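Everything on this sheet refers to the single structure shown next.
The values are calculated or read from the model by the stated rules, or taken from the named source; none is laboratory data. Computed from a prediction, not measured in an experiment: that's the story for all the values here. Neighbour counts are summed over all protein chains in view; Cβ atoms, including those assigned to glycine, are modelled from backbone coordinates with ideal geometry.
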Amino acid sequence: MMTFKIETFILGPIENNTYLLLDSDCGKAAIVDPSIPSREVVELIREKRFLLTHILITHAHFDHIGGAKWFKNQFNGEPRIVLHQADLDLWLEGGGARDFGFDFDAGDQPDMVLDDEEQLKIGNSEVNVLFTPGHTSGHVTYHLPGKALAFCGDLIFFHGVGRTDLKTSDQNDLVLSIRKKIFSLPDETVLYPGHGPSTTVGEEKLNNPFMS
């Protein structure tokens, strides 16, 4: 019986993937990139009586953090918001929302600001935090080696890659991050991106036209 499950919710006007990780062995849960507030996600967590422990942020663009403060408040401030320090300024400045013509307040500083690549424990799963800048300066990928999967935000998509025409983007860094940190993972590793369908490392090595 599978005790670890990933639920995918497509949320917000840019159709972001917000992921809910559920570990029924220990009754703990985590959210990756909460795009906007979602009652559906909260009700599922409460219905299954899970404890939400972490809100994992791959990068601090507004469409990936729009629901972080709200979700934290729904659970009495208990889940820890995790962000890399190189994206902290982007968080505090509103996630780049002003570049798109509106203001956004992400809320207080995240609870856990990563200085480097680190290991986290989500439920019973080890999570390796891979530093993968390019789309933003502090973009990270959350790799669960025991589950052969990774949450890669807007670094790489199915047959695509993240934008590098934004203020904190760098195309050379993005390509280097994919080659060194993503393409070094086993080919069968499933990649869960910030937008669009999931893919695998092997598929992107062979067929991603931006990485040929």
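Any residue at all in the range 94-106 that is at negative phi, touching a residue at least 12 places away in the same chain (Cβ under 8 Å) and of a type in the set (Lys, Arg)? Scanning the range 94-106, I find no residue that is at negative phi, touching a residue at least 12 places away in the same chain (Cβ under 8 Å) and of a type in the set (Lys, Arg), so the answer is no. Selection of first residues in the range 187-212 that are without any contact (Cβ under 8 Å) to a residue 60 or more places away in the chain and of second residues that are among the basic types (Lys, Arg), restricted to Cβ pairs under 9 Å at least 6 apart or on distinct chains, gives the following pairs, ordered by first then second residue: Asp187/Lys205; Val190/Lys147; Met211/Arg179; Met211/Lys205.
In the range 25-77, the qualifying residues are those that are acidic (Asp, Glu) and closer than 16 Å to Asp87 by Cα, and the one that is surrounded by the fewest Cβ atoms within 10 Å (Cβ to Cβ) is Asp63. Taken together, the criteria place Ala60 among residues that are under 15 Å from the mean Cα position of the chain (by Cα), of a type outside the set (Ser, Thr, Tyr), modelled with pLDDT of 95 or more and under 15 Å from His139 (Cβ atoms). Taken together, the residues in the range 78-122 that are surrounded by 14 or more Cβ atoms within 10 Å (Cβ to Cβ) and basic (Lys, Arg) amount to 1.
Got at least one residue in the range 116-139 being closer than 21 Å to Glu15 by Cβ and in contact with a strand residue (DSSP E or B) (Cβ under 8 Å, 6 or more places away or on another chain)? Yes.
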